[in-house]
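The values are calculated or read from the model by the stated rules, or taken from the named source; none is laboratory data. Quantities reported herein were computed from a predicted structural model and do not represent experimental measurements. Neighbour counts are summed over all protein chains in view; Cβ atoms, including those assigned to glycine, are modelled from backbone coordinates with ideal geometry. Note: accessible area is taken over every heavy atom of the protein model, side chains too, but ligands, DNA and RNA are not part of it. Shrake-Rupley method; radii C 1.70, N 1.55, O 1.52, S 1.80 Å.
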Amino acid sequence: DRLYGKERMSVLKKLRQIRTIIRDHRANKYISYKEALLNWYGTRNNNYKMYNLEGVKKFKNSDTIFILGNGPSLNLLKGDHIQAINSQDSFGISYSFVKNEIVPNFFLVSMENDTRTLQFFKDTFSNYRQSYRDVIVFYHSTSLFRMAHPRLTPYFYPEKAKCCFFWKPKSIQIKNKRHFVDSDFEKTLAYRGTLSVVLDLILKLEYKNIVLLGVDLDKSGYFYEKIKSFEEYVRITHEGVYGPDHATTKNKKYPSMHPKPGNEQPFDEYLYALKGYLKRKKDINLFIGFKDSILYPGIPAYFD
């Protein structure tokens, strides 16, 4: 009876997961079924390649990897910094691709489901599809269920794309504002947002040094805010995150710094705890780029 009860609970859990996936698909799919069918036929000769995480490792060129976030401090990078980054591996997140001086080894987009932002990404990335042909583009199960795929939405990927699909990891749950402990990180590093998912991927790719760039938890802005073509996108993004008073966000902290159910600890506490875990358990070093980050000196600066 006990065994039967466990099997029944497992089946019910899987059914709930399937129901959640179907609901998310219906509410957030990126394209219509008609467009999906037309694109699938139109890309029948698309020469994209798929790799698993083990296969991606052969593209590693160093033991150090730079993560390119979208915070304003990404604009602090000068010639010698960029030269150091380009001599080793890097992992770009979302609109980091408009930092033209750096073409990363790996790339992951935090794909929104808003029609306007999807169209903006499509239009903006179209200018980079050629230069990103040798970049490994990661996409996860949630994006796939929303119909992101090199053949369904080819404009979201480079020409002749090199891709790595992965199952989006479950997130660490922190309730009652308790502190992080090592056991939280044993199954996943995912906590809040795309950065933590990227950190989980990098751990699996077995890098020894990880450097966070453009990760500004005390700021709500982006490194591309002064690019004229981004003005409307930034307005829409701020409005979606902060509400109609988005014009007053200049001194607001990044959303992941505010607690929410299941994610009671702010993201800086996550990074401090992760730094200690990675060093103690994996002999991996975590850095931020510069000393003017609010994460310094809790996390050492790589360039200073």
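Below is a table of values for the structure above.
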| read-out | value |
| --- | --- |
| Whichever residue in segment 179-215 is open to solvent by less than 20 Å² (accessible area, probe 1.4 Å) and of a type outside the set (A, V, I, L, M) and, among such residues, is nearest to the chain's Cα centre (by Cα) | 196 |
| Single unsatisfied condition, residue 223 versus (1) at pLDDT 95 or above; (2) closer than 30 Å to residue 55 by Cβ; (3) within 18 Å of the chain's Cα centre (by Cα) | (2) |
| Restricting segment 32-82 to residues that are under 18 Å from the mean Cα position of the chain (by Cα) and of a type in the set (A, V, I, L, M, F, W, C), the residue that is farthest from residue 138 (Cα to Cα) | 74 |
| Condition met for residue 281 (charged (D, E, K, R) and surrounded by fewer than 17 Cβ atoms within 10 Å (Cβ to Cβ)) | yes |
| Among (1) within 25 Å of residue 127 (Cβ to Cβ); (2) in a helix (DSSP H, G or I), the one test that residue 57 misses | (1) |
| Any hit, segment 208-223, residues being under 17 Å from residue 93 (Cβ atoms), out of contact with any helix residue (DSSP H, G or I) (no Cβ under 9 Å at 6 or more places or on another chain) and among the β-branched types (Val, Ile, Thr) | no |
| Segment 106-129 - residue that is of a type in the set (Val, Ile, Thr) and in contact with a helix residue (DSSP H, G or I) (Cβ under 8 Å, 6 or more places away or on another chain) and, of those, farthest from residue 67 (Cα to Cα) | 117 |
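One line per residue, one yes/no per condition, for (1) at pLDDT below 95; (2) assigned to a loop (DSSP other than H, G, I, E, B); (3) within 21 Å of residue 228 (Cβ to Cβ):
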| residue | (1), (2), (3) |
| --- | --- |
| 96 | no, no, yes |
| 100 | no, yes, yes |
| 107 | no, no, no |
| 121 | no, no, yes |
